[in-house]
Structure formats: C-alpha cells, structure tokens
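Peer 1: The structure's right below; bear with me while I get my questions together.
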Amino acid sequence: MKYKLISYRWLLSFLCLSNFCPSKNKDPLFWNTWAQHTLKNALTLQKLNQNTAKNLILFLGDGMGIPTVTAARILKGQLSGQSGEETQLEMDKFPFVALSKTYNTNAQVADSAGTATAYLCGVKANEGTVGVSAAAVRSQCNTTQGNEVTSILKWAKEAGKSVGIVTTTRVNHATPSAAYAHCVDRDWFSDGEMPAEAVQAGCKDIARQLFENIPNIDVIMGGGRKYMFPKNQSDVEYPGDKKHFGTRKDGRNLVEEWTNRMKNKVSSQYVWNKRELLSVNPNNVDYILGLFEPGDLPYNLERNTETDPSLTEMVEVAIKILRKNPRGFYLLVEGGRIDHGHHEGKAKQALHEAVEMDRAIGRAGLITSIYDTMTVVTADHSHMFNFGGYTPRGNTIFGLAPMLSDVDQKPFTAILYGNGPGFKVINGLRENVSTLDYQGTNYQAQSAVPLRMETHGGEDVAVFAKGPMAHLLHGVHEQNYIPHVMAYAACIGQNRDHCMSSGGASSLSPALPSLAALLTLTRLLC
C-alpha cells in the first residue's frame, strides 16, 4: 500500500510537471517528490557506461550559448501549451554536462572556424582558419602546407567507420569544413571566392576539398549547390535567379564528378529536394550527397515543407544509412542557422532553429542505443543574446517585461541583444516597442550598441554528453578536449592503447605517461 501511495504521488507530481495541475506548484510535496526522483536517477550514474562507443554523434548548435539553450527550452514548452520553464530539452536529459572554453588562439571572442578546428581536430587554431594549426595565418596561402591537422571524422573513416555531415548551412561553411578541409580562409567556398594569387599558389577551395581530401564521405547533406557548379551555370531549383548561379571559375562540375566516381559504387545517390531525399531507401544506399539549396537552407520557420527537408528529416535518413556499417559511424550534425538568426538580431528565428535541432537530437536518440552510441551536444560559441526584466512565470519568451524603463518610461522586450541591428533611435529617443510587432518572425530585438550584424559572445558554452565514456566530459575544459574524449570512447585515432583487442568494454586503467611524454608536456607548459 505504501509503494502504491508513493507511485501515485509521483504520478501526480509528474502530471503537475506537465502543467495539468499548476496549483500544485504551491505544494512542497510537488517539489520534494520531483527532487527525490531526480536524486534517485543521479545515484544510478555511479554505474558508469564504460563500453566502447561503436557510434559517435556530435550535435553542434552554432551560436547556441547557454542563454539560447534556456530560452529555447521555454519556447519548446510554450509551443506545446506549457508555461515553458519546467520543460526539458532532449539535451537536458543527458546525464553529463561540462563547460567548454571557446577562445581561439588569437581571439578572446571566437569565430566558428577556429572553434570548429578545436572540437573536430583537437587543436586550437586562429580565427577564420579551418583544419590548420595556429601556425597558419588567415588568408596567407603559403602558410597552409605543413600546418594541416586532421579531424575525428577522418580518424573514424580510417578506422573503417562510416562518416557523415549534416548541416542547415552550406556544406562548405565553417563548421562542416573543418571536418575535411585544410584552409587558411573560411570564406574560400569555391575558387570564385579566392584571390587569384592563392589559386596560382596551389591552395584549394573548400568545396573541392570536400570531394578530394576524404573522397568517400558516406553522407553529405546541407546547402551550397552553387559552389559545386561552373560560373554562370543556372541552378536546378532557381533557373532564372542569377544570384544562385554557379561560382566556379575552373569550370568543374563537382556534383557530376562525384556522381561519375560513385558509379562504381552502385549504392550511391545525389538528391536536391525533400521528395528525393525521403524516397531514398536507406537499406539500398550507402553513399548520399544531398544539396538542397544554392546557399544555406532556409530558416525552419520559412522552410517550404514540401521541397526543403528539416534537420530532423536529414538526420534520420543519415543515421539509417550510416548505421548499416558493422563497425559503426561518426556523424557531425550542425544546427547552423541558430547563429544566423542571432547575427541578424532575429531571436525568434534563432530559437526556433534551436528547438528544431533539439527535435533532431530526440529523433537520433530513438534510432540509436545509449549503450553503444556516444552523443555529444555543444556549441562553438555564444552570442550577445539574453533575456530578463523580471518576467513572470509563463511569460511568452518573445514578450514584454512587466515593467517600464524607469529612465525613459518605455516598455522593453524580455529578449535583448548587447549589440546588433536592433538599435533604433527616433527623434533622439529609444523606439517604443509596444507600437511594433515584437513577436513577429523577423522582428529585430533592441540592442544596446548599433551594429549591422550582432557579434558572438565570449563566455563558456555547455557540453551535454550521454553514452559510452560520457562521464569524461565534466567540469570546465578547453574546447579542443572534445574530440579526444570522443576518439577515446570509440578507440580511434591516437586513443587506442587502452582498448581490449577482442572488443567490448574498454579498460579503465589508462597507461601511465611515458617519460618522453612528460618531458614534452613540461616543455609545452614552460
């Protein structure tokens, strides 16, 4: 009887958590029961998952700082009719959380290229550069050779795993490019964006490197079609729009080259719209190239649901293709337009992008196993985004604070940016937001400093982890630590000595550092 009473009380508390009986918020039993349940779950974490990770998934929310995570959580709840604060994102359910220090080797506030090199290649780098060490100088072609660094995607491929990249940006944008390219300038998308002297000196554009450096990446999905086609070639989806024409000066058609090369691999397919993607049978396709837009994919709120796949849909197809490999897979997934929404001061766009990425995380969790799949969710950097103003519980995340400014006696939204395009002054006074559609899709939230584009933030970002060896992500770490942990969990790259030769569980006793290693570390620290 006592057990049933406790069970009923827990069920009652769970229903209250779901907002069925909000009056229970006033009952100490509600909060105590919830906390005790959380405590019991926490105690189970003493049984660490020390399996070898067959699969590795990294979800990267570009620009998804901690304020963005919190606001996205509230939005997710409010979209389902709850007050929002008590909602759990999928990443909130991950048992281990750490903080990542995001600075670049030459920048206190980082960019997406140098950070991508850190969390993919395991070394910190200069801003604006991908897949090269800090010895390489941005835009100086002659500093590339000899300074290349390889990524965990390549380590996984060399270990016989299938590998994939899924992004809502261009597939040759900063985040995905660090997985395969070595380039001193993140903006060298094709040779059409490169200075002539860099091309003449032998530097390769990023789109070309996508197909040449690791020629058999199993899954590639995102935008960026125009960088794959000859200059002035019209786009298949927007044939009359010149801004979407091909950009390549070398006349190469990289999609055609990929298709021809893959003819020997009968299980390959190129797709450029949602219908083609969802018609793919993952059991019959081993290699897929999906380029769904000339540039970045549309914001999820503006996506044509008939022609443009969602991040969740792309992730599901990717995993179903990759998981056929008995040796497992590595998958990089980027929610890249969170960052773009913030840069434009469009918080609603940014937060809906974050909610969509969380939806993709949930779908990935349903079709993989926590016992053999390590999943990490993090961000490359934060933004000058925040929300406050003593808003009451359940206040719409895009709503007004419940007070007027005691300086100019005007209302203000809970969401504000430290800088950006939302700075507006009318007749020498701050704009009155109550006269605007401040909950509109493309409303630019007010900012303190006027800039055409809002900037990144410099604070630490969260790292959420679950699966084998997830407990190694704890405390505060340098960002470049992340791929080393993931490689250790999967017994790939330089992290294999601890692995049992027969497979299965990993040894808990890492080898003691050699004298040479200690001397090297001492030299580096001095």
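Peer 1: Within region 158-184, count every residue that is open to solvent by less than 10 Å² (accessible area, probe 1.4 Å) and small (Gly, Ala, Ser).
Peer 2: Selection size over region 158-184: 6.
Peer 1: Which of the following residues is touching a strand residue (DSSP E or B) at 6+ places or on another chain (Cβ under 7 Å), open to solvent by 40 Å² or more (accessible area, probe 1.4 Å), small (Gly, Ala, Ser) and part of a loop (DSSP other than H, G, I, E, B): 240, 246, 251?
Peer 2: On inspection, the qualifying residue turns out to be 251.
Peer 1: Something else now. For region 360-385, what are the residues that are surrounded by fewer than 20 Cβ atoms within 10 Å (Cβ to Cβ) and in a helix (DSSP H, G or I)?
Peer 2: Those that are surrounded by fewer than 20 Cβ atoms within 10 Å (Cβ to Cβ) and in a helix (DSSP H, G or I): 362, 363, 365, 366.
Peer 1: Look at region 270-306 and say how many of its residues are within 23 Å of residue 211 (Cβ to Cβ) and among the acidic types (Asp, Glu).
Peer 2: Here the count works out to 4.
Peer 1: Among all residue pairs at least 6 apart or on different chains, which show Cβ distances below 8 Å where the first residue, located in region 487-498, is in contact (Cβ under 8 Å) with a residue 60 or more places away in the chain and over 15 Å from residue 470 (Cα atoms) and the second is among the charged types (D, E, K, R) and open to solvent by less than 20 Å² (accessible area, probe 1.4 Å)?
Peer 2: 492/161
Peer 1: Of the residues 58, 45, 39, which is more than 22 Å from residue 167 (Cα to Cα), out of contact with any Gly (no Cβ under 9 Å at 6 or more places or on another chain) and in contact (Cβ under 8 Å) with a residue 40 or more places away in the chain?
Peer 2: Result: 45 is the single residue among 58, 45, 39 that is more than 22 Å from residue 167 (Cα to Cα), out of contact with any Gly (no Cβ under 9 Å at 6 or more places or on another chain) and in contact (Cβ under 8 Å) with a residue 40 or more places away in the chain.
Peer 1: Do you know which residues across region 72-86 are open to solvent by less than 20 Å² (accessible area, probe 1.4 Å) and within 20 Å of residue 382 (Cα to Cα)?
Peer 2: Matches in region 72-86: 72, 74, 75.
Peer 1: From the list 467, 458, which residue is under 25 Å from the mean Cα position of the chain (by Cα), closer than 30 Å to residue 326 by Cβ and either modelled with pLDDT of 95 or more or open to solvent by 10 Å² or more (accessible area, probe 1.4 Å) (or both)?
Peer 2: Step by step, each of 467, 458 is checked, and only 467 is under 25 Å from the mean Cα position of the chain (by Cα), closer than 30 Å to residue 326 by Cβ and either modelled with pLDDT of 95 or more or open to solvent by 10 Å² or more (accessible area, probe 1.4 Å) (or both).
Peer 1: Here is a list: 231, 226, 204. Which entry is open to solvent by 10 Å² or more (accessible area, probe 1.4 Å), at pLDDT 95 or above and under 30 Å from residue 327 (Cβ atoms)?
Peer 2: Sole residue among the options that is open to solvent by 10 Å² or more (accessible area, probe 1.4 Å), at pLDDT 95 or above and under 30 Å from residue 327 (Cβ atoms): 204.
Peer 1: I'd like to know if region 118-138 contains one or more residues that are touching a His at 6+ places or on another chain (Cβ under 7 Å), under 18 Å from residue 206 (Cβ atoms) and not in a loop (DSSP other than H, G, I, E, B).
Peer 2: Checked against the condition, which is being touching a His at 6+ places or on another chain (Cβ under 7 Å), under 18 Å from residue 206 (Cβ atoms) and not in a loop (DSSP other than H, G, I, E, B), region 118-138 yields at least one hit.
Peer 1: For residue 199, are the conditions met, namely being in a helix (DSSP H, G or I), of a type outside the set (D, E, K, R) and surrounded by fewer than 20 Cβ atoms within 10 Å (Cβ to Cβ)?
Peer 2: Here the answer is yes, as residue 199 does meet what is asked.
The values are calculated or read from the model by the stated rules, or taken from the named source; none is laboratory data. A quick note: this is a predicted structure, and the numbers were derived from the prediction, not measured. Here the Cβ is made from the backbone with ideal geometry for all residues, glycine too, and neighbour counts use every protein chain on show. To get the accessible areas, we keep the full protein, side chains included, count just its heavy atoms, and leave off ligands, DNA and RNA. Shrake-Rupley method; radii C 1.70, N 1.55, O 1.52, S 1.80 Å.
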